[in-house]
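Remarks on the structure that follows.
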Amino acid sequence: MERTVKIFDTTLRDGEQSPGCSMNLNEKIEVAKELEALKVDIIEAGFAIASPGDAAAIAAIADTVKDSTICSLARCVEKDIDAAWNAIRLANSARIHVFLATSPVHMEYKLKMKPEEVLESIAHNVAYAKKYCSDIEFSAEDSTRSDLDFLCRAFEAAIKAGATTLNIPDTVGYMIPEEYAARIRYLREHTSGIENVTLSCHMHNDLGMAVANSLAGVQAGIDQIECTINGIGERAGNASMEECVMALKTRKDIFGIGCNIDTTQIYRASRMIQTITGVPVSPTKPIIGANAFAHESGIHQHGVLANKETYEIMTPESVGIPKNAIVLGKHSGRHAFEDRLRELGYTLDREKLDKVFAKFKALADKKKVIKDRDLEALIGVVPVSGEERYTLDNFVINSGNSITSTAVIRLKKGDQVCERVAGSDGPINAAFRAINKIVGKEIVLEDYSLKSMTDGEDAQAEAIVKIAVDGSDIVTGRGVSTDVIEASIKAYVNGINKYFLD
Ligand code: KIV
Ligand code: ZN
């Protein structure tokens, strides 16, 4: 029988905790549904003790997702484990993931614990978690800078206490592939009981080797890869799911290992994470970057036209990149619109479909040809659920290079209409200031970007803002329009609405 490796996705935990990648409750639920559609084996939905919001999101995901195991992270602390169990207990299949550092530097300076105390804590807390749940993962944080014989003892303690998965993370992204594989082989030979548990890798990308290290681990006997969509995660990120999965699939001749992922969902999942976090991937990012399947040079184009295999080792269809078969426009009806969305892999509920269709019609009045990226842009801006507190009613901007820019902004809040004027040295800042006056909160703009979503004169612009409202965590807002100022205002208002939704 073919060997398979489990895919453990930590986009919603390690990914979400990285700077600029935070998501609200509704966004996390949408991502979890997409991970389920991808057929991820285990979804690490968060770190329940981190905040009541995290715990609520994990609980909502546990209640929504049926096919993947739902996992919460916990330190080796009873109250963490209580919170983790509380959050995941409604899941069809639940896992508690406890971790404790085992490297000398972490034990001495972070934990301030002696090695023997670390072993006792592992034994105690894994056993404590086991009272709640049969599926327990133990991670030896910073395992790749830990003494190997001590690591064997730590893992033996975890196995004896009931751990069913042992994770061997490269917390600081320090490994090179052969070295990691050798460590895995050593652990397999010197840890008693290790043959009865699943071994997992969790590689960070500080030296750009997270994917290579994960694959080397798999060749040395690892059965679970921990990874994130687009490789988001602490510092330089985690191993990217799409790269690990497509490497296993494309080089099956070498690995001879399968996994359960539906690779045709990869593109969609990647777009979703980029849209929600406002963190774009580089055009040259393997598998899902804009250039990953583009052939620019004449020689390459000639080769691909003659036979795709000359320069393509996998097909765009295999990762769900849609073929640009039909183009929609002003005269396209709801059927054609719904069909195209379905072909792109979107199944929206009636309410969301109505909203997107109304936006599609409005856009078709401004833009002759509506392409797939336009449709995706429209889907991305429709609020996942929940009421929008503020909507843009009207704006007037007066700007030039020899005058102070002024903005008159009118927002609707329910039936109420609020209008304010503000000035600044640029039109967008003036608009943001006028909105601040309406909302009456201290809003700090941490980041702002603007890019074109499609080509041509009537291209849609996508604005992304990162704001902090009254000292809140950073919220990402997104707005799309054929007018760059309108896109920016919509992004700002979207960020504010998301702040109020949380
Ligand atoms: O990088 C790491 O070590 C982690 C653990 C909590 C698994 O994220
Ligand atoms: Zn990590």
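Indicate the gyration tensor shape class of segment 322-381 (rounded, prolate or oblate), computed on the Cα atoms with a ≥ b ≥ c the square roots of the eigenvalues: a/c under 1.5 is rounded; otherwise a/b larger than b/c is prolate and the rest oblate. Note, shape of segment 322-381 comes out rounded. Excluding same-chain neighbours fewer than eight residues apart, the aspartates and glutamates reachable from Lys130 by a Cα-Cα span under 19 Å are Glu44, Glu78, Asp80, Asp82, Glu120, Glu156.
Once you have a ≥ b ≥ c as the square roots of the Cα gyration tensor eigenvalues for segment 173-284, tell me rounded if a/c is under 1.5, and otherwise prolate or oblate according to whether a/b is larger than b/c. Prolate.
Each residue in Thr165, Thr64, Thr454 was given a count of other beta-carbon atoms within 10 angstrom of its own, and listing them fewest first yields Thr64, Thr454, Thr165.
Each listed q (0.12 Å⁻¹) maps to a log10 I(q)/I(0) for the chain, found by the Debye formula over equal Cα scatterers with no solvent: -1.11.
Of the listed pairs Lys66/Lys323; Lys79/Lys498; Lys355/Lys498; Lys33/Lys285; Lys79/Lys441, which have alpha-carbon separations greater than 28 Å here? Beyond 28 Å: Lys66/Lys323; Lys79/Lys498; Lys79/Lys441. Exposed loop sites, defined as GluC sites (Glu not before Pro) outside DSSP H, G, I, E and B with at most 12 other Cβ atoms within 10 Å, are absent from the longest region of the chain, namely 3-295. Segment 391-501 gives an Rg/Rh value of 0.96, both radii derived from C-alpha positions and Rh following Kirkwood. Here Ser103, Ser18, Ser72 are placed in order of increasing Cβ neighbour count within 10 Å, fewest first, which gives Ser18, Ser103, Ser72.
Based on Cα contacts under 8 Å between residues 6+ apart, the chain shows a relative contact order of 11 percent. About its Cα centre, the chain has a charge dipole of approximately 1160 debye under the convention of +1 per Lys or Arg Cβ and -1 per Asp or Glu Cβ, with nothing else charged. Axis angle, to the nearest 10 degrees, between helix 241-250 and the longest C-alpha principal axis of the chain: 70 degrees.
Legend: Rg and Dmax of segment 3-277, from Cα coordinates, 17.1, 48 Å. Comparing Cα centroids, segment 247-295 and segment 112-127 end up 39 angstrom apart.
Only Lys, Arg, Asp and Glu count, each charged at its Cβ (+1, +1, -1, -1), so figure out the dipole size of segment 90-156 about its Cα centre, rounded to 20 debye. Mind dumping the intermediate values first?
Numbers: 8 positive and 11 negative charges, 50 e Å.
About 240 debye.
Distance between the 7 Å Cα→Cβ label points at Asn307 and Asp354: 5.4 nm.
Read-outs: derived from the displayed coordinates by stated rules, not from any lab. All values reported here derive from a predicted model rather than from experimental measurement. Note: ideal-geometry Cβ built from the backbone for every residue, glycine included; neighbour counts use all protein chains shown.
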